[in-house]
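Before any comments, here is the structure.
All of the numbers you see were taken from the coordinates with simple rules; none came from a lab. Note that the structure is a prediction, hence the values are computed from the model and not measured. All Cβ positions, glycine included, derive from the backbone under ideal geometry; neighbour counts span all protein chains shown.
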Amino acid sequence: MTESSDQTSGADTSSAGTDSPIERLESPAEIQGLLQAMQEPGTTEVLWDDESDTPTTVLEVLQASSLTLDMTLADSRLPSLQPGLTLRLRGQVRGKLVTSPPVEVISCDEENDQWRCRLTWPAFLEVLHRRDTYRAELRLGMQVGVLVEPLRENLAHLQIQADLRDLSVDGCRLELPISASHLLGEGAPRFGLTLCFASGARFQIDAEVRHVQPEPQRHLVTAGLQFPRRTPEQERQLWYYVREIERESARYFNQGTTLSASSLFRKKPGVDLIGRRQGNAYPTPMARRLSEVAGYLDAQWVALQQGEPLDLPALSQHSEALLEMLAEDREGLLFALICMRLESPHVQHGLAVATRLLDLVGEASMPSALRKAIAAVALVHDLGKALLRPELLQAPTLSEDQYRQMQRHAPLLIAQLEGCDWLPRSVVRDIVEGSNERLDGSGYPRGLRDNQLHQLARIAMIVDVADAMGRGRADRPAWTIGGIHRYLLGHPHRFDPHWVKRYILHFGRMPVGTLVRFADDTLGWVARLDRQGNPSQVYLAKEPARPDQRLGRLLHDGALLAKGEPVEALPLPD
């Protein structure tokens, strides 16, 4: 075993990989020695395999041909200690955390006011070597939310929601909303942390900030924190959480492993999830639903950067969810797109292109499987950029060589989608490649021309360009909707005029989600359109900023008529 590691191992813990802190011991002599060391009263606990969050302390461990525990402190659990029940043992021995696999109850009897529970002998023991420098890293999909509270009088009531990325006895790493940056950099600020697991289990500890790293591409900030004043009980609990994170991660990477699932990551009914995305205040129910799809896209960006494949089963689920939202309330979904103000640009773009492309092609009848495929490919169509060098994405302008390198994002993503039997190859190419091609052959990656581009590709390039132009970049501000329409109409050699006109007619000259200005200088967000494509419902806005948790007063009917026609459509605020 090596003495330190900063990465979570994907190796099976049964093989005791050199990067893993977990070692499996199968030698009878080693098992006997560790169990003898666990006999000291109060050093051993029972972990119930029925998802109970509270371990039971064992008063004594006795050994013979089987294992006997003094379970007198189990109280309410005693009736359940019937033959066939399985449970696990955990104890701290010689600077190590020792855990047994599930062992079976043989009998449980009372002797002189003590309850003795006889168990089968464990086939092995797993040992987590005590390393303060080791950090158990949460894989994608293992959600642990953290409530972060500044320990300062002037901020006593402030609470930020964050995501746990890794954990050790000594500290942790969190992802927080980028809006929390100003709270993290003043000296060495202290915070109270509450780790919130899906099972409902919670753990509280004070922490100090040690380093802060903004990640503007994902609209978040990563902070490393240390636990300088942990108690022995907190340290014991931390070792348990580190152990369970490592166990659950090992199960994910090794589907054939005999490791039992950790109850910490099984969501219980009624438990509200905590986390950076849940902490974002979304102003409408539809926006809150759409944020779940946004979370998936953000996780896939990270997965690709870390060399992991796209989660295609989850892509299927989120594509179906998007189709359901569109069928329920298309204008509510279109409005929800502008409410994703705290999401990263690539996530916002994927959501917008998928929603508008589906909405535009939905005018024609097509099989549901094809609509689902279009939704899926459009959601991830730009994620190949996560596989490029970071400096390409951060550069305000690209040299000719950098531009050629950037064009690789399309074939890189297509390679990720190959082998997915429910995604037709033609749909993948028409959207991933076609959105970047142009009718005159000036696009990429293959420089396809007019008659080489199918109808779906012609539509996809218009939807993609319209959304991209409507968002500000480092080298230019966002375009207005009128400017976008004029650009598309003014380049018939690049964009199919038929579909450009259909696009403008379908979404209107002031589409849902447009920020408009009235003659009296008040601002409003277009929420719905009438049959003629004119705003019929508008939320008033105090300033040119995306809607937060509080929407302004809704104007409709007579109140909207009194305002008159909007005199200007403003660009989408950052």
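Tabulated values for the structure
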{"quantity": "Label-point separation, residue 268 to residue 63 (7 Å along Cα→Cβ), nm", "calculated": "3.5"}
{"quantity": "Sequence-distant residues sharing a close amide H with residue 144 (under 5 Å, placed H)", "calculated": "164"}
{"quantity": "Debye, to nearest 20: dipole size of segment 280-507, +1 on Lys, Arg Cβ, -1 on Asp, Glu Cβ", "calculated": "580"}
{"quantity": "Modelled FRET efficiency - R0 60 Å, residue 502 with residue 43, Cβ distances, 0.05 increments", "calculated": "0.25"}
{"quantity": "Prolate/oblate/rounded label for segment 510-574 (Cα gyration tensor, a/c 1.5)", "calculated": "rounded"}
{"quantity": "Charge dipole magnitude, Cβ of K and R +1, D and E -1 - the chain, Cα centre, debye nearest 20", "calculated": "1920"}
{"quantity": "Per-pair calculated FRET efficiency, R0 = 35 Å: residue 292 and residue 124 via Cβ, rounded to 0.05", "calculated": "0.35"}
{"quantity": "Total charge dipole magnitude, segment 298-407, about the Cα centre, Cβ charges on Lys, Arg, Asp, Glu only, Debye to nearest 20", "calculated": "180"}
{"quantity": "Largest to smallest principal axis extent of the C-alpha atoms in segment 478-529, angstrom", "calculated": "40, 20, 17"}
{"quantity": "Residues in segment 450-477 that a label on residue 366 would reach, taking backbone N under 20 Å of a point 7 Å out along Cα→Cβ", "calculated": "450-468"}
{"quantity": "Relative contact order, percent, segment 22-129 [alpha-carbon distance under 8 Å, six or more residues apart]", "calculated": "30"}
{"quantity": "Radius 12 Å from Cβ of residue 352, net charge of other residues (Lys, Arg +1; Asp, Glu -1)", "calculated": "-3"}
{"quantity": "Degrees, to the nearest 10: 455-469 long Cα axis against longest axis of the chain", "calculated": "80"}
{"quantity": "Signed unit charges on C-beta, dipole axis of segment 216-362, positive-most listed residue 325, 335, 309", "calculated": "309"}
{"quantity": "Gap separating the Cα centres of segment 359-404 and segment 408-484, nearest whole Å", "calculated": "6"}
{"quantity": "Over the chain: helical MRE at 222 nm, DSSP H runs n ≥ 4 each giving -39500 (n - 2.57), nearest 500", "calculated": "-9500 deg cm²/dmol"}
{"quantity": "Shape call, segment 136-265: gyration tensor on alpha carbons, a/c limit 1.5", "calculated": "prolate"}
{"quantity": "Farthest toward positive dipole pole in the chain [+1 Lys/Arg, -1 Asp/Glu at C-beta], among 283, 452, 413", "calculated": "452"}
{"quantity": "Residue 398-residue 489 pseudo-label distance in nm [points 7 Å out on the Cα-to-Cβ vector]", "calculated": "3.0"}
{"quantity": "9 Å beta-carbon shell around residue 574, net charge (K/R +1, D/E -1)", "calculated": "+3"}
{"quantity": "Mean separation of Cα contacts under 8 Å (6+ apart) over length of the chain, as relative contact order %", "calculated": "8"}
{"quantity": "Distance cut-off 30 Å, percentage of C-alpha pairs in the chain lying past it", "calculated": "60"}
{"quantity": "3J(HN,Hα) from dihedral phi, segment 221-237, Karplus parametrisation 6.51/-1.76/1.60, rounded to Hz, x for glycine, proline", "calculated": "10, 9, 10, x, 10, 10, 9, x, 10, 6, 8, x, 5, 5, 5, 4, 5"}
{"quantity": "Sites matching chymotrypsin sites (Phe, Trp or Tyr not before Pro) across segment 515-574 that sit in DSSP coil, with at most 16 neighbouring C-beta atoms within 10 Å", "calculated": "none"}
{"quantity": "Prolate/oblate/rounded call for segment 280-507, Cα gyration tensor, a/c under 1.5 rounded", "calculated": "rounded"}
{"quantity": "Label-point separation in nm, residue 107 to residue 80, each point 7 Å along Cα→Cβ", "calculated": "2.4"}
{"quantity": "Candidates per GluC sites (Glu not before Pro) in segment 303-405, loop by DSSP, up to 14 other Cβ within 10 Å", "calculated": "363"}
{"quantity": "Sparse-neighbourhood loop sites, trypsin sites (Lys or Arg not before Pro) in segment 523-552 - DSSP loop, at most 11 other Cβ within 10 angstrom", "calculated": "531, 542, 550"}
